[in-house]
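Have a look at the structure below before the remarks.
FYI, it's all coordinate maths here, none of it is from the lab. Source: prediction; values computed, not measured. With ideal geometry, Cβ positions are generated from the backbone for all residues, glycine too; neighbour counts draw on all protein chains shown.
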Amino acid sequence: MAEYDDHPAYPVGLRLNGRRVVVVGGGQVAQRRLPALIAAGADITLVSPSATASVEAMADTGEIRWERRRYQDGDLTDTWYALVASSDAEANDAASAEAERTRTWCVRSDDAEAATAWTPATGRSEGITVAVLTTTSQGRDPRHSAAVRDAIVEGLRDGTLAAPHHRTRAPGVALVGGGPGDPDLITVRGRRLLAEADVVIADRLGPRDLLDELPPHVEVIDAAKIPYGRYMAQEAINQALIDHAKAGKAVVRLKGGDPFVFGRGMEEAQALAAEGIACTVVPGISSSISVPGAAGIPVTHRGVAHEFTVVSGHVAPDDPRSLVDWAALAQLRGTLVLLMAVDKIGSIARALIDHGKSPDTPVALVQEGTTAAQRRVDATLATVGERAAAEDVRPPAVIVIGEVVAVGPEPSGHSAE
C-alpha cells in the first residue's frame, strides 16, 4: 500500500442496508464495530472459531450470522465491505488479499497500512454523523481523531458549537426534565433543545445555571412570575406555552427532575394537544433517586431493600384530599422516598408509626441535593419532625425513610443525630 502513503483518504459514507458484510474475527474489535454495522442494516456474516459473549449474543438474537470456523478463501464472494479483525495473522493476510482481488473495501484492525479502507472516529448527534480521520506523512493518529470527534459531538450536543438549522423548524414545545439541580445532570437532548430554543419557560427548581448560557435573543420566562390574571398558575403556564408556540417559536418548558414525576407535565402536554401543538417530552433524572444517591444513599440495596416507593408529601395524611394509603406504606419493608414533604414530615412520621412502622426506622433529609449547597440531616422516624425544625431544613429536600439510610460511608455535609 506504499503508493497511497502520501495521499489522504477519500471520505465517503457507505450505505450498507441489505448488503453483504463479512467480519473476520469475533473478539473485542468486532464487538465494538458490529453494533454500528447492525444499525446500518448490513447483512452481516461473522467468520470466526470463537467470539466474545456479547458477539455470541448478537448471533443468538439473529442480528448476525455466525460461521464458527476459520476464514476460508472465497468467504468474501459478493461482499461489499469486509472487516478483518481476528488474532490469526495468516487468516488476516489471506482475507485482505482476497479483498484486494475482489475489489472489496477492507478494514484491517491489525495493519492499517495493509487495508483499503479506514474506520473513522465516529459520533452522532440528532441526525448528524461526525466522522474524523487524521492522516499525515508520518501515519495515522487514531487518538487525535477520537479527541477531535469528541470535541465536535460534545459541542453539538450542548449547544456550544453553533450549528444553526437552515431549514425552517416547525414550532412546538419541548417539555424538558432538567434533573435535580446540578446543570451537568440534564440530558444531552435536553441541553441541545435548550440551546436551540426561542423561548424558555423555567421552573424555580430547574437547572438555573444553564439559563446564563443562552444567547441574548432567547426570551427567558420565570414560570413563578407569570401574571395570573383570570387564570390559576398552571393554566397561566399552559396558556403561555400555547401562545408562544402559536407565534411560531421553539419553546422549551424547563422543569426540575422529570416532567412526569410530580411535575404536572401531562397537564401541559394535554393542553398543547388540545390546541394541536406538537409536543416533545424529554425525560429527566428524577430527584427521587438522584438526590439520595448524591448523598450516599442507595434507594435499593441487596439484602436491605428490594423495592422503593416514591410518594408526594404535599398533602398531610389526615387531609381529606390525600390519595396516599399511609397504612399500606407503613407495612412495606422497602424504602420510602418523600418529595415535597418538608413541612409535613412530622405528621407523616406519626402516621407511619401509628400504622405500625418502627419509630427507630432511619430517616435522612437531603436539602438542595446535587448542588453546592447540598446538606444531609439524619434522624429516626420518631425524631425527624423535631430534627427538621431544629436544623431548619427547607425545600427543596428529598426525604428517605428506611434501612438504606444506614448503608454506605458517611458523606460530607452529614449532620448526625
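Packing-wise, with mean Cβ within 10 Å as the measure, how do 300-310, 41-51 rank, highest first?
In descending order of packing, they fall as 41-51, 300-310.
Of the listed values [x] 17; [y] 46; [z] 30, grab the one calculated as percent of Cα pairs over 38 Å apart from the structure here.
Step by step, percent of Cα pairs over 38 Å apart for this structure corresponds to label [y].
Just grab the label-to-label distance for Asp43 and Arg65, each label 7 Å out from Cα along the Cβ direction, in nm (one decimal).
Here the modelled spin labels are 0.8 nm apart.
In deg cm²/dmol and to the nearest 500, what is the mean residue ellipticity at 222 nm of the chain if only DSSP H runs of at least 4 residues count, each as -39500 (n - 2.57), divided by the residue total?
Only helices count here, giving -8000 deg cm²/dmol.
Amide H neighbours of Leu46 under 5 Å, counting only residues 5+ apart in sequence or on other chains, H built in-plane at 1.01 Å?
Val23, Arg65, Trp66, Glu67
With an 8 Å cut-off on Cα pairs and a minimum separation of 6 or more residues, tell me the relative contact order of the chain in percent.
Reported relative contact order: 10 percent.
What is the distance in Å between the Cα centroid of segment 15-75 and that of segment 235-286?
Between the Cα centres of segment 15-75 and segment 235-286 lies a distance of 43 Å.
What is the sum of charges, Lys and Arg at +1 and Asp and Glu at -1, for the other residues whose Cβ falls under 13 Å from the Cβ of Lys246?
Summing Lys and Arg as +1 and Asp and Glu as -1 gives -2.
What size of dipole, in debye to the nearest 20, comes out for segment 5-140 about its Cα centre when the only charges are +1 on Lys and Arg C-beta atoms and -1 on Asp and Glu C-beta atoms?
The calculated dipole for segment 5-140 is roughly 420 debye.
Which ³J(HN,Hα) values, rounded to whole Hz and listed in residue order, are derived for segment 114-121 from phi using the Karplus coefficients 6.51, -1.76 and 1.60 in 6.51 cos²θ - 1.76 cosθ + 1.60 with θ = phi - 60°, glycine and proline given as x?
Here the 3J(HN,Hα) series is 8, 8, 9, 8, 10, 8, x, 6 Hz.
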